[in-house]
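The values are calculated or read from the model by the stated rules, or taken from the named source; none is laboratory data. The shown structure was predicted, so the numbers you read here are calculated from the model rather than taken from an experiment. Backbone-built Cβ (ideal geometry, glycine too); neighbour counts: all protein chains shown. With ligands, DNA and RNA removed, areas are computed over all heavy atoms of the protein, side chains included. Shrake-Rupley method; radii C 1.70, N 1.55, O 1.52, S 1.80 Å.
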Amino acid sequence: MLLTEPIRTLPSLLLPLTGVLFLGGFSSGSFGWAAFGLVGSVLYAVVRWATFTYQVIGGRLELTRALIGRSVRTIPLERIRGVDVSSPPLHRLLGLAVLRIDTGAGGSKQEGELDGVTLVEAERLKAALLWHARARAARRAEARGTVAAHGDGPPGAAVTVPAGPLPGSPAPAGPSPAPAVPPARHRTGEALPERVLFVVPRRWLAYGPLSGSYLLTPFAFVAGAAGLAFQWGSELRIDGRIVVGAGEWLWGHPLLLAGALVVLVLAMPVLGAAMYAVFNWDFTLRARDGYLVAERGLLTRRSVSLERRRVRGFELVEGLAERWAGVARAWAIVTGLGDSGTRGQLLSAIPRRAALDVVREAVGPILTGLRPHPPVARRRRLFRAVFPWLVTAACAAVAARSWPPLWWAVAAALVLAVLGVPLGLDRYRSLGHTHEGGRLSVRSGSLRRSQVVIEERAVVGWTLRQTWFQRRAGVLTVVAGVGAGSGGYAAIDVGEAQGVAFAAEVTPAWLAPFTEDAPPS
C-alpha cells in the first residue's frame, strides 16, 4: 500500500507539481518543492496504512480509521448482501485486491472497502462474510421447524420438509423409519459446489462495439486530448490560441479534415473492440453458494456477487445493430443493489439464443406473446420521431435566407425526418406487455430495445400516468414500482382500459378499491 497509494494519487498531483516546476523556472528550489510534495504523498500513505484496521467480532465487521479523529464503521454481518473483489493492474502485480461490501442499502457506493488485502485474504473474507447470510436464513428456517433446501436453480426453487411429525398426528406403530433425505439437497448456510454457468468465448468480444458507446472511443480520445491541451496549456506554456488556430487551419483544408474523419471512422470498430475487450475479458458467470458471481476484466479484474434469493428478474437489452446481428446483453434485477447498471450485469454482448439459455438457467425464462398496444400508440411514435425534425427544418429554412450555408442543415433535418418513419414504426412494434405464471414483462425502445421480466412479488406499487396529449389520445403509461433495479418499469402508451386491467391482473386486491365492475349487459 505504501507503493500503490502514492501512485494512485499521482495523477491528481501531476498538474500542481508541473505548475510548481514551471513557476519556479525548473530551478533547484522548484524541484525541492516538487520532491516535498511527492514525499508528503508517501507519508500520507504511511499514516493511512498505519491507522486503518479491520476485524470481525461479535457478529459485525468493524472498520477503524484514526488519522486525525477516530472513526469506526460497523457493518452487521447479517446485512451484507454482496462482496465485490477487484484487482487493478498495480494490485495484480503485487498480489493485492480491493474488497468492497454491499449491504443492500441502495445507492451507487458500497458501505465498506478494504483496499490492499492479499488475494488469498480477499477470497477468504468474501467466503466468510457471505456465509453469514446463508447461516442466518438457515437459523430462521430451523426456528420455524423447517429446513430450507436450496440448489443452484433459479430463485423460488426452495423445498421445505417438516422437521418432525405434525402436532396432533397419531404416533406411528413400531419402530420409526429412518427419515428420507432428499438427494442433492443442501441446507441454507452450507457450502454448495461451484458451477460455471457460462464463459464468454473470446471471439465473441468482437460483438462489443455493436452496443454503440464503444464505437465512439476514437472521438473520445480526440476530445480528451483537446481538453488536456486547454487545461494544461498555461502550465506547459502552450497558448490556447495555438490550439484554436490549429483547428481553424484544419477546417480550412477540407480534404485533410475529411481524411482525418475517415481515419477516425475506420478506427471506430478496432478501438471499440479493444476497449470492450479490456473491460469484459474472460467474462465468466458462476453459481456459487447461493450467489451468482460475475467476473470480468483484463487490466482490472473484477468479481461481483449477487445474492440469488434477492434476484427479482432480469432485463434483456438489444441495440439496433445488436438486433441486426442477433446479439443481446442481460442484467439482473436485484433488490438493494447499488450501481445496478454495472454490478448487475449478467452477460456481455453474446448471441441472443445463448443469452436466453443462460438467463433461463440463472434467473428464469423470458416471456413471449407480448400484448400489442393500440394503433394510436403507433401514431404517437411516428409523430415524436418525425415532427421535431420538421420543425428544425422549418426554422433552419427561415434562417437560411440570411445565411445560405444553413441550407445544409435544412437538408439534413429533412433526411432525419424521413428516417424517423421506419424508426417510429419499429418503436411501435417493440411496445408490449404481458403477465403469465406469476411474472410480468414490459418491452419498449428501438435504438435500445429493453425487455424486462420481473416477478409479481417484486411489485410494490403502481403509477398510472397521463400527459395532456395522452388524455386526448385515450392512452396512458403504466409504471410497475419495483424495489429493485431502476425502481420502476413502464408499459408505454397502453389503452386506458388495457392499462388498468394489466395492473389489476397482477395485483387484483390493490386495484379493487379504485375500479368499478362493468355494468351488466
* Asked: Looking at the range 439-498, which of its residues are open to solvent by 40 Å² or more (accessible area, probe 1.4 Å), closer than 30 Å to Trp324 by Cβ and of a type in the set (A, V, I, L, M)?
  -> Leu447, Ile492
* To do: Quick one: in the range 26-39, of everything that is at pLDDT below 75 and within 43 Å of the chain's Cα centre (by Cα), which residue is most open to solvent (accessible area, probe 1.4 Å)?
  => Phe36
* Asked: Is it the case that Glu248 is free of Cβ contacts under 8 Å to residues at least 24 places away in the same chain and surrounded by fewer than 23 Cβ atoms within 10 Å (Cβ to Cβ)?
  -> yes
* **Hey, Leu414 of a type in the set (A, V, I, L, M) and surrounded by fewer than 20 Cβ atoms within 10 Å (Cβ to Cβ) or not** => yes
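A quick yes/no check of all residues on (1) open to solvent by 40 Å² or more (accessible area, probe 1.4 Å); (2) more than 26 Å from Glu455 (Cβ to Cβ):
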position	(1), (2)
Tyr276	no, yes
Leu285	no, no
Arg288	yes, no
Val293	no, no
Leu306	no, no
Gly313	no, no
* Flag if Val85 is hydrophobic (A, V, I, L, M, F, W, C), under 25 Å from the mean Cα position of the chain (by Cα) and at pLDDT 85 or above -> yes
* Asked: Can Val98 be described as within 30 Å of Trp131 (Cα to Cα) and either surrounded by fewer than 15 Cβ atoms within 10 Å (Cβ to Cβ) or modelled with pLDDT under 80 (or both)?
  -> no
* To do: Considering only the range 247-275, state which residues are closer than 30 Å to Leu90 by Cβ and either of a type in the set (Val, Ile, Thr) or not in a helix (DSSP H, G or I) (or both).
  => Val270
* Asked: Name the residues in the range 344-360 that are part of a helix (DSSP H, G or I) and in contact with a strand residue (DSSP E or B) (Cβ under 6 Å, 6 or more places away or on another chain), would you?
  -> Arg352, Ala355, Val358, Val359
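Let's see how each residue does on (1) within 23 Å of Trp204 (Cα to Cα); (2) surrounded by fewer than 20 Cβ atoms within 10 Å (Cβ to Cβ):
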site: Leu298; (1), (2): yes, yes
site: Glu318; (1), (2): yes, no
site: Ala321; (1), (2): yes, yes
site: Val327; (1), (2): yes, no
site: Leu346; (1), (2): yes, no
site: Pro372; (1), (2): no, yes
* Structure fact -> By my count, strands (runs of 3 or more DSSP E) wholly in the range 48-90 with at least 1 residues that are open to solvent by 70 Å² or more (accessible area, probe 1.4 Å) are 52-57, 60-66, 70-76
